[in-house]
Amino acid sequence: MALLTQNSELKPHRIWNWTIPAWHTRLEDGSIFKTCPQAGICAKLCYARNGTYLFRNVKAAHDRNLRMVLDNPDLWETQMKQELQLPKFNRIIGPRQLPYPVEYDDLGEWMRGWVVSGLPAIRIHDAGDFFADWYLERWMNIADANPHLLFYAYTKEVSLFRRYEGRLPPNFRYLFSTGGLEDHLIGDDRHAEVFPTREALDEAGYMSQDANDLLAIMLPTSRIGITANNISHFKKKMAGRTFGDMTKEKRKGRQA
Ligand code: SF4
């Protein structure tokens with residue numbers, strides 16, 4: 001069974017996905033395992049805890065992925081590396097069309113080479129996060145073994161990534177995303193903020209990644225904007241606020 005999958009949004013951009021359950025799941029021994037240890041208000045507004053993600057077969061596939069990682073990390077890493085040997089991950093098809101408004105000259109050396117090759121990208125985690133140092137290190141090994149592929153991730157694990165600054169391979173990119181317990185540790189870093197509307201995103205001076213998920217790591221700004229999914233009960237909870245706003249309000253409430 002394939003470890004990496006594609007959905008209709010990512011397919012046109014040659015992006016493959018790896019995913020584990022969102023927020024937490026129950027393991028076979030009955031214990032709860034947190035897959036997103038630094039999730040905050042995002043857990044209540046999580047797209048991956050809604051709709052098709054709740055289908056029994058989808059949930060089972062995500063649980064299976066997590067179990068593989070936890071039960072035998074060596075075997076999982078080996079299988080992931082083997083899957084990435086398949087021709088579909090190694091076909092050089094020529095230059096990618098750069099998503100507007102990214103310019104070739106704005107990209108660093110590694111990214112320019114990758115764009116010219118047209119090789120795929122691997123998005124680590126459609127749902128879930130880097131729940132432990134060793135798990136991040138496994139992904140670093142996988143990226144190291146595939147220096148021609150781009151690996152990227154959104155993460156709320158700010159302090160974890162701080163500890164690994166300068167040690168990630170050049171083909172492993174990440175950005176922080178708001179709505180987590182460590183939002184207050186995000187400084188000038190590249191980060192994604194979730195806005196209730198596109199107008200609010202533009203007004204705040206963020207650049208949207210809506211047209212192509214790769215914009216999140218390619219745009220020449222550290223302020224990446226995401227427009228909230230059109231899920232009515234989530235929009236109601238957001239009540240015109242960003243994930244960052246909601247997190248700040250919650251922190252203030254706790255401190256008061
Ligand atoms: S970190 Fe991401 S996947 Fe996890 S609960 Fe938050 S929004 Fe969902």
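Each value in this text was obtained by applying a stated rule to the coordinates, not by laboratory testing. The structure displayed is predicted, hence computed values, not measured ones. Ideal geometry is used to build each Cβ from the backbone, glycine not excepted, and the neighbour counts take in all protein chains shown.
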Notebook entry, point to check: Straight-line reach from Lys236: which lysines have a Cα under 16 Å away, not including same-chain ones fewer than 8 places off?
Noted result: Lys44
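If I require 30 Å or longer along the helix axis, counting alpha carbons, and a Kyte-Doolittle average no lower than -0.5, what helices from the chain are left? Use full DSSP H segments. Provide the component values of the computation, followed by the final result.
Working: long enough: none.
Qualifying helices, which must be both long enough and hydrophobic enough, do not occur.
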Next item on the list: Could you order peptides 162-173, 234-245 by the average number of other Cβ atoms within 10 Å of their residues, highest first?
Entry: 234-245, 162-173
Checklist line | Inter-part distance where the stretch 221-238 and the stretch 119-182 are each reduced to a Cα centre, Å | finding: 22 Å
Note to self: Under 15 Å between alpha carbons, and skipping anything fewer than 8 positions from Lys250 in its own chain: which aspartates and glutamates qualify?
What the structure shows: Glu182, Asp183
Margin query: Among 60-67, 138-145, how do they line up by average Cβ neighbours within 10 Å per residue, starting with the highest?
Written below: 138-145, 60-67
Notebook entry, point to check: Taking amide hydrogens as modeled 1.01 Å from N in the peptide plane, which residues meet the under 5 Å criterion relative to Ser208, leaving out close sequence neighbours?
Noted result: Gly225
Margin query: If R₀ is 25 angstrom, what is the calculated FRET efficiency for the pair Leu75 and Tyr164, using the beta carbon separation as r and rounding to 0.05?
Written below: 0.60
Margin query: Could you give me D for the chain, from Stokes-Einstein at 10 °C and 1.306 mPa s, where the hydrodynamic radius is the Kirkwood radius over C-alpha pairs? Units µm² s⁻¹, please.
Written below: 83 µm²/s
Checklist line | Size of the stretch 28-178 as Cα extents on the principal axes (Å, biggest first) | finding: 50, 33, 33
Notebook entry, point to check: Relative contact order (percent) for the stretch 1-149, with alpha-carbon contacts under 8 angstrom and 6 or more residues of separation?
Noted result: 34 percent
Notebook entry, point to check: What ³J(HN,Hα) values, in whole Hz, does the Karplus curve 6.51 cos²θ - 1.76 cosθ + 1.60 give for the stretch 191-205 when θ = phi - 60°, with x put for Gly and Pro?
Noted result: 8, 10, 10, 9, 10, x, 9, 5, 4, 5, 4, 5, 4, 7, x
